[in-house]
Amino acid sequence: MKFLQALLFTCAISGLAFGADKVYTIKFAHVVAASTPKGKAADFFAKRAEELSGGKIKVQVFPSAQLLDDDRVFGALKLGNVQMAAPSFSKFTPIVPQFQLFDLPFIFKDADHLHKVQDGAVGEELKGLVTKKGFVALDYWDAGFKHFSSSKKPILVPEDAKGQKFRIQSSKVLEEQIKAIGGNPQVLPFSEVYSALQQGVVDATENPLSNFYNSKFHEVQSSLTLSHHGYLGYLVVMSDKFWNKLPDDLKANVKQALSEATAYEREETAKEDAHVIAELEKYIAETKKLEIFKIDDAQKAEWEKTMQAIYPKFYDVIGKELIEKTIETK
């Protein structure tokens with residue numbers, strides 16, 4: 001009997017030790033290059049999660065759609081084939097239509113206002129809607145504010161957009177935005193945009209600076225207007241099945257590592273914007289093939305009046321209260 005008790009005690013102690021030594025592996029899949037702010041932040045998170053957990057969490061980062069693209073990532077999270085991802089907001093709108101909030105033009109005054117919205121009550125409400133769909137919504141990362149570019153005519157006031165063919169992402173908000181300024185919206189996959197601009201299939205587009213420069217759109221556009229009219233971002237999500245298996249102390253490690261990675265990602269995005277402007281200015285000095293314009297306060301007021309007029313069309317989909325809470329966030 002004593003032998004059996006001793007054996008059971010030994011097994012229990014071994015089980016505890018085994019549990020204490022268990023390593024949790026996170027496959028973090030994303031679609032951009034490792035050199036981008038999002039790519040750097042994913043690697044930063046991986047390093048910090050391992051450090052904070054004492055090696056109990058191992059994060060394997062798969063950039064550039066090495067495992068899968070964002071169109072299939074939600075299914076992969078459900079199946080447990082990946083544990084973590086950072087899809088763009090546009091990928092969430094089919095399951096949470098309220099994410100179209102981020103497509104509304106001039107909804108955010110600046111980066112500070114944007115981050116207060118994301119880190120405050122509105123951001124939490126949206127994350128809660130994602131969680132109800134069976135994913136753990138963790139943190140918002142930046143792609144950056146969007147700017148207009150054209151090969152036909154510089155876009156300084158809404159009137160300049162009339163008749164121009166704009167490439168847009170698939171979004172009802174973006175369609176209405178372009179129609180409001182007299183443009184012709186054309187939905188095209190991002191991979192086809194360069195050739196479409198080159199061949200004149202579309203005249204104009206809207207992009208964060210990093211997309212505009214890294215995709216070489218400056219080679220096929222004659223003007224870039226720093227309009228800051230819209231925003232692109234990502235939401236970092238995790239498989240709820242994986243999250244529920246994590247011990248509480250490791251969940252805390254993940255949250256801290258991600259909080260640090262989020263601050264880092266936002267800093268890197270700001271640095272990237274400054275870097276791109278510098279590189280574009282060098283390109284202009286060498287080629288004289290592009291002009292960069294800034295809009296003044298009067299022009300911005302005209303843009304806001306014209307484009308914000310579409311908001312009521314999305315009260316039913318996004319929610320009037322959510323839009324108003326966003327605008328009023330301080």
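The values are calculated or read from the model by the stated rules, or taken from the named source; none is laboratory data. As the structure is a computational prediction, the values presented were derived from the model and not from experiment. Reconstructed Cβ throughout: ideal geometry from the backbone, glycine too, with neighbour counts over all protein chains shown. Ligands, DNA and RNA are stripped out before the accessible areas are found, and what is left, the full protein with its side chains, is counted by its heavy atoms. Shrake-Rupley method; radii C 1.70, N 1.55, O 1.52, S 1.80 Å.
Compute the accessible area per residue over region 110-173, keeping the other protein chains in place, probe 1.4 Å, unit Å². Intermediate results must be reported in sequence, preceding the final value.
On the way: 2430 Å² over 64 residues.
Counting only protein heavy atoms, the per-residue value for region 110-173 is 38 Å².
What's the center-to-center distance, using Cα atoms, between region 220-238 and region 258-272 in Å?
Here the two parts' Cα centres lie 16 Å apart.
Over what distance in Å are the Cα centres of region 78-131 and region 289-330 separated?
After rounding, the separation between the Cα centres reads 17 Å.
Quick one: compute the contact order of the chain, relative version, from alpha carbon pairs under 8 angstrom and 6+ residues apart, as a percent. Spell out each step's value before the answer.
Working: 529 pairs, mean separation 80.0, N = 330.
Relative contact order of the chain: 24 percent.
In a GNM of the chain with a 10 Å cut-off on Cα contacts, which of Ser223, Ser35, Ser239 has the highest mean-square fluctuation?
Greatest mean-square fluctuation among the candidates belongs to Ser35.
With springs only between Cα atoms under 10 Å apart, run a GNM on the chain and tell me which of Ile178, Ile26, Ile284 wobbles the most.
Ile284
Would you kindly work out the equivalent ellipsoid of region 125-172 from its C-alpha gyration tensor and give its semi-axes, the square roots of five times the eigenvalues, largest first in whole Å?
After scaling each eigenvalue by five and taking roots: 36, 12, 9 Å.
List the residues, sorted by chain then number, that are 5 or more residues from Val32 or on another chain and whose placed amide H is less than 5 Å from its amide H.
Long-range HN contacts for Val32: Ser64, Ala65.
Quick one: pull the percent of accessible area on the chain belonging to carbon and sulfur, 1.4 Å probe, ligands and nucleic acids left out.
It is 53 percent, rounded to a whole number.
Can you say what percent of the DSSP beta bridges in the chain, counting only those with both residues inside, are antiparallel? Round to 5.
Numbers: 21 of 39 bridges.
Here the antiparallel bridges make up roughly 55 percent for the chain.
Would you mind checking which residues have amide H under 5 Å from Phe293's amide H? H placed 1.01 Å from N; only 5 or more apart, or other chain.
Leu224, Thr225, Leu226
Which net charge results for the neighbourhood of Lys245, defined as the other residues with beta-carbon distances under 12 angstrom from its beta-carbon, given Lys and Arg at +1 and Asp and Glu at -1?
Details: positive: Lys22, Lys241, Lys251; negative: Asp240, Asp248.
Every neighbour counted, the sum reads +1.
May I ask for the percentage of alpha-carbon pairs in the chain that lie more than 26 Å from each other?
Pairs farther apart than 26 Å: 52 percent.
Under a GNM of the chain (C-alpha, springs under 10 Å), which listed residue has the highest mean-square fluctuation: Ala33, Ala49, Ala41?
Most flexible of the set in this elastic network: Ala33.
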